[in-house]
Amino acid sequence: MMTRDEAQKLARKVLGLATFPECQVTITASEQAYTRFANNGITTASLNLRHTVAVAVTREGRSGVMTVNDLDDASLKNAIKKAEELAAIAPPNPEHLPLLGAQQYPETHDFDERTANARAPEMIPHVKTIIDASISRKMVAAGLVERTHRVTAIANSAGLFGYHASADSQLTTTVRMADGSSSGWAGQPSTRLSQIDSKQLAAVAIEKCGRWKNPQKLAPGNYTVVLEPTAAGDLVRLMASGFSARNTDEGRTFLSKRGGGNLLGEKVFPEFVTIRSDPFDPRQPSSPWTSDLLPTSAITWVDQGMIASLAYDRYWAGKTGKAPTPTIGFGFGAPAGGSITMEGSNATLDQLIGSVKRGLLITHFWYIRPVNPQTLQQTGLTRDGVFLIEDGKLTTPVMNFRFMESPVRLLKNTVKLGQAVRVRGLEGGMMIAPSLVANDFPLPSISDAI
Amino acid sequence: MFSRRDFLATSAAFAGQLFGSPQNSKIPAPDLEKLGDVALREARKYKATYCDIRIVRLRDQRVGLRLSPERGTGKTLAVPNVAEDSSFGFGVRVIVNGAWGFASSPIVTPAEIARVTGEAVIIAKANAAIQPKPVMLAAVKAYRDVWSTPHEKDPFSVPMAEKLDLLRRVTEEVKKNAKVFSGSASLNLRSEDKYFCSSEGSSIQQLILQIYGTADATAVDRENNVSRTRTYTPTQASAGWEYVPEMNLEENASRIREEVVEHLSAPPVKPGVKDLLLMPNHLMLTIHESVAHPTELDRALGYEANYAGTSYVTMDKIGKRIASEHCTFIGDRTSPRALATVGYDDEGVKASQFTIIDKGIFRNYQTTREQAHLVGDKESHGCSQADSWATVPFQRMPNVYLQAGPRETTLESLIAGIEDGVLIDGRGSYSIDQQRYNFQFGGDAFWEIKGGKKGRMISRVSYQARTPDFWQACDGTAGPAYWRQFGTTGDAKGEPTQINSISHGCSPTRFRQINVLLTD
C-alpha cells in the first residue's frame, strides 16, 4: 500500500500541475478482501483494489472538483485541467473559505498490519467454524467476513499535508432453521481480525436461532425493551445529525427551541447518558482530520444528560463568532462516522434482563428510515430474535415488530445501561454502544418476517 | 496487492481512447478485445472452466445550486457545487473446481490482467474447499456486438454554463415566495462504458447514459418548530441531453414553491383505515420494495439471508395468487429510457422482458445464469449486474413495472370512488422487513380525498401494510395515458453492499382500506 513518502510525492506532483491559486488534493487507496457465504457454502470471495485522486481548485471563490483513478501523468494533468474548467464557469461560492495552512494531525488509530494484509487463509477458517457448527445443529448459515486496508492523504497549496492508514475487519452471520422457522444473528467488528471470535459468534447465532423457533404473536403497543448493544447503536447513532449548529440555528433540529435559540447547556436526558466522539479510542478507526481538515479531538456531546456541544463547521463558526468543532461523524449529517461512544455501565445483559418485570429483548433492527428529520422519529423493524421477558427471565419467542420512535425519546425513556461494546449495524453504522433498558418503546405493528 | 511502482506510474491507456465511439461500429474496439483475450487465455492456462472480464469506465458529473439566506443579513446566497468523478478498471470472474473466484484492479494493462486473473483463480481454489455443489451456468448464446443507450446529444459535452444557468433559473423560481427558506436544484449525469467478454465466446461493448435532476423547496416555521421540504423529481432516465427540457424543472419549481408553504401549515391526518390513491412517483418505490425485491430468486433461496434478507415469495408461491387481478408486473431490461435498460447483462445475456406476476398470479423470479436451473429454466432472465469494475456481478432487479389499467379508467374516476382517503405524491420515508411483509411508507405531499373529491393538503401521513394484503386490496389502476416510470438510483443489496439504478412504471392506482398513521 502507498507509503507516506509516496503519497506526498504524488500530492506534490498534482499540486505542481495546478494553475489556480488554491488547490486541494485528496488521495485514497484501498484494498478489500472478503469471503461471503450462504446456505452453508461459500458463494463469493473477492480481492478489490481501488484508488482515487480528487482535486479541488478555486480561483476568486469559484471552485471545481474532479476525481479520477488513472494516475499516469497525462490523466492527472487532464484532471487538473478539467477541474479548472469546471471552476472557471462555476459561480463564486459565497460560503467558500480560504485554505488552511499546515496542520499537526494526531495519530488516531491502532493500525494492525496483519488485519490489513489478511487473505483467504486467515478468513476461510472463520467461515468453516460457523458452517460446521451450523451443520452440526441442522441449521443453515450465511454471513460475511471481510477486512479493509485504507490509506488517505490530503494536501493543499497552502502547505497542508496529512497521511492516514487504517485497517478494519468484521464477521457477521445469520443462522436459520432449514425450514425457515427461526433466525439468529451475531456480529463483531474489530480493528484486529485476530480478535474476532468466530466460535463465540457461531454459538450466539445458533443459540438465538434455537431459542427463537416458532415465535408467538404479541399485541402491538408500547413495551419496556432491553436493547442489545447493536440495537441500541442502530438508533443512538442517528442522533448525530441533530447536533449540527447551523441546522439548529435555522430551526431544523430537535435541539432548536421554539421561536429561536437552542438547548445547549440544558438537561435533556437522564444523568447516566453521556455521549462522546473520541478519535483516539483504539476500538474503532477514525480519521485524524475533520471534513474541514482541522485536527480531530475528543468531544463530549451529551454530558450526564446535558447537551454539552453543538457542531460548528468552519463557515458557520465564522458566521457566529464560535470556534469550529474538531469533530468527524457527528453534527454534520454523517451518522455513519465511526468515532461515537455512548458510555455504559458494568451491568451485564443478563442483569438488565433480570431488572425487567415484563418487556422484550431485541437483538437488532433493520431498514431504519427517518420519518421526521426534525424530531428524528424513525421507523424500522426488529430482526433475528425478539423474546418476551417476564419476571426477569426470557420466556417466549415473539414475532418481529415495526417500531416508530426517535432516539431522543428513547434516551429520555432509558432507565438503565449495560456494558458498552463496539457495534456495527446491518446497514453499516458503527459506534460503541451499551445495552440499555427503556420504557414505552412504541411497537405499533407486527411483522410476519422470520 | 498492486505494487508501489504500479500505483505511482500506471501506464493504462486513456479510457476515453480505449472505448472510442461505440455508436459508429457494430464490433467492439480492437484494443478492448485484445485486453479481454489476456484474461481468457490466462484462465485457460489455469484450467478454469469459465472466465469473464469486464473493463469499465464510469463517469459521474454532479452540478448543484442552493439558494439560502446569509446569517445576519438575510441576503440570499447562491451556493454552487460542481464535481465530476471518473473511474476505470477491470474485474475478472473465473470458475475453478466448481467454485467462483473474482479479483479486480484499476490498472488496465495486459500484465495486470494476467496477474489479477491468477488472483481470481487462487480465490476460486480456496473457495472450492467449502462448496456444497458446483456452480452450474445456464446456456447462453455468444454475441459480438456494440450497444448504446439511444441518445442524440452526449450530456457530458454540454457546457457547464448551460447546466448552471438552468439550475439558477429553477432555484430563483423556487425562492420567489418569501416564505421559502431555501431552494436547491441539481443535475446528475452518469455514463458507463463497459466491455465484456467471456469464455462462452461473447465480446460486447456498451455505453449506458443516465440523467437525474431535482428541485426542492424548504420552508421553516420557527414559532412552531416545524420544517417541511417539497421535492420535484422528474423521471430519471437513460437518455442523452435532449431529454433535459422534458424534465420541466422550471415549470414545476413554482408549483413546489407554493405547495411547501401550504404543507407547512397543513393540518395533520386523522389516522385510521382509509383508501389510498397512489401517484406513479410514489407507487414506484412501493413496487420496488414490495414486488421487485421479493421476486429476486437469490433472496427466496437464502443467498441474501445475512443482509438484505429472504422473501415471503417462496418457491411454493409459483402459480399462486399474491395480488389482485388488476396487478400484472413485468420485468423488463428493454423499456425505453428506463435505468436498468441495457443491451446485455453482466453475463452476456441479451436483455429481454418477462412476466413476474400475471393478473395477480406469481409466474417468474428474476434470475441469473447460475440460478436458472434452480427453477427449472433453461435460460437466465438476464438480471446479472455489478455496480463497478471492482465488484462481483450478482442478481439485481430489472426494471419492474405495473401494467396500466383499462383505457376508460382515469385518475378522476379512481378518486370519485373514494369516500375517505388520501392521495400521496412523491417519495418519503420507506421501510420494509427482511422478508418484505410489513412495510411503512411516507410520501412527499398528501391530499385529503372526501366524498369522491380531492380536497386540501394534509400532513404527517404514513401508511403501513402487509404486502400480500396490500396488493390484494388494489382495485384499480388508471389507463395507459396516465402511465409514468420513475427511477430509484441508490438501491442497496449484497455484501459488501452494491448500489443499483432501476425504473418502475405504473399509473395512479387505488388501494382499499389501508392503515394510515399519524407521524411526528
Out of residues 5 or more away from A:GLU22 or on other chains, whose amide H comes under 5 Å of its own, with H placed 1.01 Å from N in the peptide plane? A:THR58
Calc'd 3J(HN,Hα), segment A:160-177, phi into Karplus 6.51 cos²θ - 1.76 cosθ + 1.60 (θ = phi - 60°), Hz, glycine/Pro = x, comes to 7, 8, x, 9, 8, 10, 9, 9, 8, 8, 7, 9, 10, 8, 10, 10, 10, 5
Kindly state, to the nearest 0.05, the FRET efficiency for A:LYS128 paired with A:ASP350, given R0 = 41 Å and r defined as their beta-carbon distance. 0.85
Using the Karplus curve 6.51 cos²θ - 1.76 cosθ + 1.60 with θ = phi - 60°, work out ³J(HN,Hα) for each residue of segment B:349-354 in order, rounded to whole Hz, and write x for Gly and Pro. 8, 5, 4, 8, 10, 8
Find out how many positive minus negative residues lie around A:MET399, taking Lys and Arg as positive, Asp and Glu as negative, among other residues whose Cβ is under 13 Å from that of A:MET399. +2
Here the relative contact order (percent) of chain A, from C-alpha pairs under 8 Å and at least 6 apart, is 15 percent
Figure the gain on full extension for A:LYS199 and A:GLU271 (residue separation times 0.36 nm, minus the Cα-Cα span) and round it to one decimal in nm. 22.2 nm
Using a 7 Å offset from Cα along Cα-Cβ at B:GLU412, what residues in segment B:443-471 end up with backbone N under 16 Å from the label point? B:452-455
Only Cα pairs within less than 10 Å get springs; with that Gaussian network setup on chain A, which residue of A:PRO98, A:PRO189, A:PRO407 has the largest fluctuation? A:PRO98
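Quote to one decimal, in nm, the extra length available between A:GLN304 and A:ASN439 on full extension: 0.36 nm per residue of separation minus the C-alpha distance between them.
Extending this stretch completely gives an extra 46.7 nm.
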For the protein assembly as shown, size of Cβ-based charge dipole, Lys and Arg +1, Asp and Glu -1, in debye: 780 debye
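Order of A:381-391, A:229-239, B:447-457, B:495-505 by packing, highest average Cβ count within 10 Å first?
On the way: A:381-391: 22.4, A:229-239: 26.4, B:447-457: 15.0, B:495-505: 20.5.
Top to bottom by mean Cβ count within 10 Å: A:229-239, A:381-391, B:495-505, B:447-457.
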Using Cα centres only, tell me the gap between segment B:378-439 and segment B:285-324 in whole Å. 13 Å
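What list do you get for B:HIS326, B:HIS381, A:HIS149 if you sort them by fewest beta carbons within 10 Å?
B:HIS326, A:HIS149, B:HIS381
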Starting from the Cα of B:ASN224, move 7 Å in the Cα-to-Cβ direction to define the label point; list residues of segment B:448-475 whose amide nitrogen is under 16 Å from there. B:448, B:456-461
Mind ordering B:186-193, B:303-310 by average Cβ neighbours within 10 Å, highest first? B:303-310, B:186-193
Which trypsin sites (Lys or Arg not before Pro) from segment B:113-170 combine a DSSP loop assignment with at most 14 other Cβ atoms within 10 Å? B:LYS141, B:LYS153
Between helix B:110-127 and chain B, what is the angle of the helix's C-alpha long axis to the longest principal axis, kept within 0 to 90° and rounded to the nearest 10? 80 degrees
Footprinting proxy, A:ILE432, B:ILE356: sorted fewest to most Cβ within 10 Å, the residues are A:ILE432, B:ILE356
Is the shape of segment A:215-450 best called rounded, prolate or oblate, per the rule: a/c under 1.5 gives rounded, else a/b larger than b/c gives prolate, else oblate, with a ≥ b ≥ c the square roots of the Cα gyration tensor eigenvalues? prolate
For B:THR367, residues with placed amide H under 5 Å, excluding near neighbours: B:HIS381, B:GLY382, B:CYS383
Given the candidates A:CYS209, A:THR379, B:PRO406, the one whose Cα lies deepest towards the positive end of the charge dipole of the protein assembly as shown, counting +1 at each Lys or Arg C-beta and -1 at each Asp or Glu C-beta, is A:CYS209
Hz values of 3J(HN,Hα) by residue in segment A:282-292 - Karplus curve (6.51, -1.76, 1.60), Gly and Pro given as x: x, 6, 9, x, 8, 6, x, 10, 8, 5, 8
Modelling each spin label as a point 7 Å along the Cα-to-Cβ direction, I'd like the B:ALA492/B:ASN248 distance in nm, to one decimal. 3.3 nm
Using 0.36 nm times the number of residues separating B:GLU258 and B:ALA111, minus their current alpha carbon distance, what extension gain do you get? 46.9 nm
For the residue pair B:ALA142 and B:ASP420, what label-to-label distance in nm results when each label sits 7 Å from Cα along the Cα-to-beta-carbon direction? 6.8 nm
Exposure proxy ranking, count of Cβ atoms within 10 Å, fewest first, for A:VAL175, B:VAL273: B:VAL273, A:VAL175
Give the average, rounded to an integer, of partner chain Cβ atoms located within 10 angstrom of each Cβ in A:115-128. 2
Would you tell me the mean number of C-beta atoms belonging to other protein chains that fall within 10 Å of each C-beta in B:221-227, as a whole number? 6
Roughly what % of DSSP beta bridges within the protein assembly as shown run antiparallel, to the nearest 5? 90 percent
The helix B:30-45 Cα axis meets the longest alpha-carbon principal axis of chain B at an angle in degrees, between 0 and 90 and rounded to 10, of 60 degrees
Distance in nm between pseudo-label sites at B:LYS450 and B:THR76 (7 Å out along the Cβ direction from Cα): 3.5 nm
Sequence-distant or interchain residues sharing an amide H contact under 5 Å with A:ALA311, placed H: which? A:SER244, A:ALA245
Taking the highest mean first, how do the peptides A:362-371, A:280-289, A:316-325 order by number of other beta carbon atoms within 10 angstrom per residue? A:362-371, A:280-289, A:316-325
Once a ≥ b ≥ c are taken as the square roots of the eigenvalues of the Cα gyration tensor of the protein assembly as shown, is the result rounded (a/c under 1.5), prolate (a/b larger than b/c) or oblate (a/b not larger than b/c)? rounded
Take the Cβ-Cβ distance between B:ALA161 and A:LYS81 as r, set R0 to 22 Å, and report the resulting FRET efficiency rounded to the nearest 0.05. 0.85
Given the DSSP H assignment, sum -39500 (n - 2.57) over each helix run of at least 4 residues in the protein assembly as shown and divide by its residue total; what's the result at 222 nm in deg cm²/dmol, nearest 500? -6000 deg cm²/dmol
As an exercise, use a Förster radius of 35 Å and the Cβ-Cβ distance of B:ILE318 and A:ASN117 to find the FRET efficiency, rounded to the nearest 0.05. 0.15
Starting from the Cα of B:GLU325, step 7 Å toward the Cβ, then list every residue of segment B:471-490 with an amide N under 20 Å from that point. B:471-480
For chain A, take the longest principal axis of its alpha carbons; what is the angle in degrees between that and the long axis of helix A:4-17, to the nearest 10 within 0 to 90? 50 degrees
Once you average over the residues of A:29-36, how many Cβ atoms of partner chains fall within 10 Å of each Cβ? 4
Over chain B, what is the mean sequence separation of C-alpha contacts under 8 Å (at least six apart), divided by residue count, expressed as relative contact order in percent? 15 percent
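Throughout, read-outs are computed from the coordinates displayed, never taken from laboratory work. Remember, predicted model here, so these are calculated numbers, not experimental data. Glycine also receives a Cβ, built like all others from the backbone with ideal geometry; neighbour counts cover every protein chain displayed.
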